[in-house]
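First the structure, in the form of structure tokens, and then the observations on it.
The values are calculated or read from the model by the stated rules, or taken from the named source; none is laboratory data. This is a predicted model, so every value here is computed, not measured. Cβ placement follows ideal geometry from the backbone for every residue including glycine, while neighbour counts extend to all protein chains displayed. Heavy atoms of the whole protein, side chains included, go into the accessibility calculation; ligands, DNA and RNA do not. Shrake-Rupley method; radii C 1.70, N 1.55, O 1.52, S 1.80 Å.
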Amino acid sequence: MTWLDLPSDDVFGLDNLPYGVFAPPGGAPRVGVRVGNQVLDLAAALDDPVFARPTLNTFMAQGRTAWSAARARIRALFTGEERRPATEAALYRLDEVESRLPYEVGDYVDFYASEHHATNLGRLFRPNGDPLTPNWKHLPIGYHGRSGTVVVSGTPVTRPHGQRKPPESAVPEFGPTRRLDIEAEIGFVVGTGSALGSPVPVGAFRDHVFGICLLNDWSARDIQAWEYVPLGPFLGKSFATSVSPWVVPLEALDAAWTEPPHRDPEPLPYLADQGKDGLDLALSVRLNGQEISTPPFASMYWSGAQMLAHLTANGASLRTGDLYASGTVSGPRAGEEGSLIELTHGGSRPLALPGGQTRTFLEDGDEVTLSGTAPGASGGRIGLGEVTGRIHPARPLS
């Protein structure tokens with residue numbers, strides 16, 4: 001029971017309560033939670049200075065016990081009439097506040113955890129060979145990215161420059177990417193760190209990961225194709241990574257855990273399954289308002305817990321605010337691909353858009369929005385929010 005006047009199917013009801021950072025009119029940024037189309041100022045509502053900060057990091061560093069206690073206190077604010085006047089005074093409409101990047105990003109790692117995505121790209125790049133590399137089903141493949149270019153939803157994405165080598169050219173050229181792409185992903189936000197030299201086991205996932213967010217890891221495919229051998233992605237991936245302004249805490253996802261796909265061969269012991277460690281998340285990709293894909297996260301081969309275990313298996317330490325991403329989420333069926341390079345078969349089959357337009361890769365002015373939902377504790381759905389980015393033209397070289 002709650003005094004909030006929310007529709008029964010509101011995806012931002014009390015089963016959700018995602019955290020973010022917002023700036024109220026004329027005020028400094030601080031931590032809040034989204035409820036319906038409002039945001040609650042937690043520093044004011046809970047009288048706790050840990051929330052009067054411009055990032056979630058200090059709160060996240062307090063650990064799992066503090067996260068659970070805060071969530072219980074927040075839920076209680078909306079279920080007792082005696083708390084209603086003070087709580088209502090700390091609520092702001094979403095349309096009157098500015099969303100900020102909710103956490104200070106420490107390190108950023110991007111994985112390649114979807115078998116369907118990896119297979120689709122393997123067939124494009126190695127048409128006469130095995131689409132999966134020999135190591136793919138033995139470990140979650142990933143690379144370390146650039147934390148300084150992680151931006152909050154709504155931040156424009158400037159078309160990047162880089163080296164590219166067209167097939168018909170003998171030498172590379174330098175200029176704006178011609179094959180600008182998206183990657184629909186889920187991000188995992190680390191709350192508590194770990195000591196250098198101490199791996200984090202699969203079973204400790206919930207002690208370290210605070211929550212999840214939507215993530216679009218923009219990709220310049222022509223730059224990436226020329227530069228990635230032998231060391232992997234670099235400039236083709238490091239110019240912008242967009243994240244949603246709301247971090248859904250793991251406690252809100254209790255109804256979303258599911259059995260992962262069957263893994264063959266069986267993973268090595270340090271990557272062994274711990275039961276239901278997959279997540280049943282439904283994603284949507286819209287290009288200029290038109291839905292073009294619905295990737296299912298439940299199909300991901302490697303889980304968030306396994307990614308974290310492999311990330312730290314060599315003793316690499318975690319820090320509060322570290323962000324690691326799932327890699328492109330793609331499903332087994334047509335229309336479930338999480339990138340344009342898959343949806344258009346490398347650009348050979350343009351997408352049809354309203355008004356007679358077509359796209360192979362992104363053009364200047366295009367806007368991409370990722371959204372998503374998960375099963376909620378009360379039987380409905382909870383929302384993951386949205387992450388949006390609009391493509392701006394490449395800047396002239398000086």
Going by the structure shown, is A305 in contact (Cβ under 8 Å) with a residue 24 or more places away in the chain, part of a loop (DSSP other than H, G, I, E, B) and touching a Phe, Trp or Tyr at 6+ places or on another chain (Cβ under 7 Å)? no
Does T133 satisfy the criteria of being assigned to a loop (DSSP other than H, G, I, E, B) and either touching a residue at least 24 places away in the same chain (Cβ under 8 Å) or closer than 17 Å to S219 by Cβ (or both)? no
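Being at pLDDT 95 or above, open to solvent by 60 Å² or more (accessible area, probe 1.4 Å), over 26 Å from the mean Cα position of the chain (by Cα) and among the hydrophobic types (A, V, I, L, M, F, W, C) narrows it down to one residue among A89, A76; which is it?
Numbers: A76 fails: open to solvent by 60 Å² or more (accessible area, probe 1.4 Å).
After applying the criteria, what remains is A89.
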Count of segment 212-237 residues which are open to solvent by less than 60 Å² (accessible area, probe 1.4 Å), touching a Gly at 6+ places or on another chain (Cβ under 8 Å) and not charged (D, E, K, R): 12
Determine the pairs where a residue that is more than 10 Å from A394 (Cβ to Cβ), located within segment 158-177, has a partner that is basic (K, R) and surrounded by 10 or more Cβ atoms within 10 Å (Cβ to Cβ) with Cβ atoms under 7 Å apart, the partner being 6 or more residues away or on another chain. P172/R164; P172/K165; E173/R164
Can you report the number of residues in segment 234-293 which are more than 26 Å from A61 (Cα to Cα), in contact with a helix residue (DSSP H, G or I) (Cβ under 8 Å, 6 or more places away or on another chain), not hydroxyl-bearing (S, T, Y) and not in a loop (DSSP other than H, G, I, E, B)? 4
Look through segment 197-232, keep the residues that are in a helix (DSSP H, G or I) and within 18 Å of the chain's Cα centre (by Cα), and return whichever of them is farthest from L281 (Cα to Cα). H208
Residue by residue through segment 7-37, note down the ones that are assigned to a loop (DSSP other than H, G, I, E, B), more than 22 Å from F188 (Cβ to Cβ) and touching a residue at least 24 places away in the same chain (Cβ under 8 Å). S8, D9, D10, G13, L14, P24, P25, A28, P29, G36, N37
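Mind listing whichever residues of segment 337-360 are under 21 Å from the mean Cα position of the chain (by Cα) and over 19 Å from L283 (Cβ atoms)?
First, pick out the residues of segment 337-360 that are under 21 Å from the mean Cα position of the chain (by Cα): 337-343.
Correct list: empty.
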So which residues in segment 319-341 are open to solvent by 10 Å² or more (accessible area, probe 1.4 Å) and either without any contact (Cβ under 8 Å) to a residue 40 or more places away in the chain or among the aliphatic types (A, V, I, L, M) (or both)? R333, A334
What residue, of R178, R123, is over 23 Å from F234 (Cβ atoms), of a type outside the set (G, A, S) and open to solvent by 30 Å² or more (accessible area, probe 1.4 Å)? R123
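Just one of V151, V189, V109, V105 is modelled with pLDDT of 95 or more and in a loop (DSSP other than H, G, I, E, B); which is it?
Details: V151 fails: in a loop (DSSP other than H, G, I, E, B); V189 fails: in a loop (DSSP other than H, G, I, E, B); V109 fails: in a loop (DSSP other than H, G, I, E, B).
Sole residue among the options that is modelled with pLDDT of 95 or more and in a loop (DSSP other than H, G, I, E, B): V105.
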Hey, T2 hits all of (1) in contact with a helix residue (DSSP H, G or I) (Cβ under 9 Å, 6 or more places away or on another chain); (2) at pLDDT 95 or above but one; which does it fall short on? (2)
Can you pull out every residue in segment 259-291 that is under 23 Å from L362 (Cβ atoms) and open to solvent by less than 30 Å² (accessible area, probe 1.4 Å)? L283, S284, V285, L287
Conditions first: (1) open to solvent by 30 Å² or more (accessible area, probe 1.4 Å); (2) within 24 Å of V190 (Cα to Cα). R349 passes all but one, so which condition is the exception? (2)
For segment 66-94 the number of residues that are touching a residue at least 12 places away in the same chain (Cβ under 8 Å), assigned to a helix (DSSP H, G or I) and not basic (K, R) is 10
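For segment 1-22, which positions are open to solvent by 10 Å² or more (accessible area, probe 1.4 Å), touching a Lys or Arg at 6+ places or on another chain (Cβ under 8 Å) and of a type in the set (A, V, I, L, M, F, W, C)? Show your work before the answer.
Within segment 1-22, the first condition is being open to solvent by 10 Å² or more (accessible area, probe 1.4 Å), and the residues that meet it are 1-15.
With touching a Lys or Arg at 6+ places or on another chain (Cβ under 8 Å) added as a condition, the list becomes 3, 9, 11-12, 14.
Of everything in segment 1-22, those that are open to solvent by 10 Å² or more (accessible area, probe 1.4 Å), touching a Lys or Arg at 6+ places or on another chain (Cβ under 8 Å) and of a type in the set (A, V, I, L, M, F, W, C) turn out to be W3, V11, F12, L14.
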